[in-house]
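Everything on this sheet refers to the single structure shown next.
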Amino acid sequence: MELATILPSLAVILVIRSATCTLLTVTHIENIFLFSFEHQDNCLVFESFFNLTKGNSVTKILALSGSTRNDSFNKKILKHAITGAEVAGATVTNIDLRDFPLDLYDGDIEAGQGLPEKAKKLKKIFSQHDALLFALPEYNSSLSGVFKNTIDWLSRSSSSTPDLSCFSGKVCALISASPGKLGGMRGLVHARSMLESINVMVMPEQICVGDALEAIGIDGVKDDKIRTSLEKLGLSLTRLTQRISFRATQHI
């Protein structure tokens with residue numbers, strides 16, 4: 001491809017770098033990067049522009065499923081997205097909410113005892129990561145109770161951690177699986193609204209795997225196309241987080 005055809009894209013990047021970093025401009029940056037993947041001749045131009053070298057700090061992603069069931073569909077699709085993130089160079093911590101049991105949020109418990117130890121530990125884990133990858137089942141057209149309750153506790157303050165500090169500025173990718181035709185899409189609407197209200201930047205792209213009883217087997221998603229889409233989302237989450245981190249280091 002001729003350099004002349006690359007320049008308009010570079011001009012877009014320059015405009016974005018001087019603009020306020022909004023979700024819209026971040027999406028544009030990610031699209032431009034994905035464009036470079038499809039046109040390998042241009043890849044060095046974009047890689048050089050963004051100064052993405054092996055010396056950069058490793059992107060840390062926290063992954064979890066909103067279902068604690070051992071054979072959860074969402075745990076299975078989460079593994080595919082994790083694979084994509086790791087291929088892109090991220091370090092992924094995959095936790096099980098079953099290991100962090102929390103009583104239903106109660107303001108009287110918080111007032112009398114403070115945050116539970118499990119909530120403090122989980123809040124610290126969230127704070128140590130740059131991005132979030134959530135696989136969320138749909139319960140009655142909404143979120144699972146265990147996921148919602150976890151977020152409710154983590155959004156509260158502790159003596160050492162302000163209320164939303166473990167969420168603020170983090171990028172998040174959402175995926176879901178369900179036996180229904182919509183694949184959990186209705187639950188992700190609620191998840192997106194809740195997460196954005198606590199200062200999480202949720203990626204516009206999301207993947208919902210419907211007909212999970214047939215689409216997902218023992219080893220995960222059966223269809224290669226869906227599996228690849230999940231892996232690409234994990235890769236995109238990593239790259240977008242790297243873009244935002246790069247911008248922060250430039251003090252723009």
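The C-beta contact set for the range 188-202 (first residue in a helix (DSSP H, G or I), second residue not hydrophobic (A, V, I, L, M, F, W, C), distance under 6 angstrom, 6+ apart or interchain) comprises 188/176; 188/206; 190/142. Criterion first (more than 20 Å from residue 97 (Cβ to Cβ), free of Cβ contacts under 8 Å to residues at least 24 places away in the same chain and either assigned by TED's automatic domain parsing to the domain that holds residue 71 or surrounded by 20 or more Cβ atoms within 10 Å (Cβ to Cβ) (or both)) does residue 165 satisfy it? Against the criterion (more than 20 Å from residue 97 (Cβ to Cβ), free of Cβ contacts under 8 Å to residues at least 24 places away in the same chain and either assigned by TED's automatic domain parsing to the domain that holds residue 71 or surrounded by 20 or more Cβ atoms within 10 Å (Cβ to Cβ) (or both)), residue 165 does not qualify. Taking helices (runs of 4 or more DSSP H) as the structural unit, those lying wholly within the range 49-161 and holding at least 3 residues that are in contact with a Leu (Cβ under 7 Å, 6 or more places away or on another chain) correspond to 73-87, 117-127, 145-154. Under the condition of being modelled with pLDDT of 95 or more, within 12 Å of the chain's Cα centre (by Cα) and in a loop (DSSP other than H, G, I, E, B), the residues counted in the range 167-187 number 2.
Within the range 204-223, restricting attention to residues that are part of a helix (DSSP H, G or I) and touching a strand residue (DSSP E or B) at 6+ places or on another chain (Cβ under 7 Å), the residue that is surrounded by the most Cβ atoms within 10 Å (Cβ to Cβ) is 212.
Among the conditions (1) surrounded by 16 or more Cβ atoms within 10 Å (Cβ to Cβ); (2) at pLDDT below 95; (3) polar (S, T, N, Q); (4) assigned by TED's automatic domain parsing to the domain that holds residue 153, residue 42 misses just one, which is (4). Return yes or no: is residue 188 within 21 Å of residue 232 (Cβ to Cβ), in contact with a Gly (Cβ under 7 Å, 6 or more places away or on another chain) and buried (at least 16 other Cβ atoms within 10 Å of the Cβ)? Here the answer is no, as residue 188 does not meet what is asked.
Just one of the listed residues (144, 127, 158, 193) is closer than 18 Å to residue 244 by Cα, assigned by TED's automatic domain parsing to the domain that holds residue 212 and either surrounded by 15 or more Cβ atoms within 10 Å (Cβ to Cβ) or out of contact with any helix residue (DSSP H, G or I) (no Cβ under 7 Å at 6 or more places or on another chain) (or both), namely 127.
Checked against (1) over 17 Å from the mean Cα position of the chain (by Cα); (2) farther than 24 Å from residue 226 by Cα, residue 59 passes all but condition (1).
For residue 201, the conditions (1) of a type outside the set (Lys, Arg); (2) modelled with pLDDT of 95 or more; (3) surrounded by fewer than 17 Cβ atoms within 10 Å (Cβ to Cβ) all hold with the exception of (3). When the range 101-120 is limited to residues that are out of contact with any Phe, Trp or Tyr (no Cβ under 6 Å at 6 or more places or on another chain) and touching a residue at least 24 places away in the same chain (Cβ under 8 Å), the one that is nearest to residue 147 (Cα to Cα) turns out to be 104. Check the range 70-82 and report whether any residue there is surrounded by 14 or more Cβ atoms within 10 Å (Cβ to Cβ) and out of contact with any strand residue (DSSP E or B) (no Cβ under 9 Å at 6 or more places or on another chain). No, because not a single residue in the range 70-82 is surrounded by 14 or more Cβ atoms within 10 Å (Cβ to Cβ) and out of contact with any strand residue (DSSP E or B) (no Cβ under 9 Å at 6 or more places or on another chain).
Take residue 226 and decide whether it is assigned to a helix (DSSP H, G or I), over 30 Å from residue 103 (Cβ atoms), β-branched (Val, Ile, Thr) and at pLDDT below 95. So residue 226 fails the test.
The values are calculated or read from the model by the stated rules, or taken from the named source; none is laboratory data. Predicted, not measured: the structure shown is a model, and the values here were computed from it. Every residue, glycine as well, gets a Cβ built from its backbone with ideal geometry; the counts of neighbours run over all protein chains shown.
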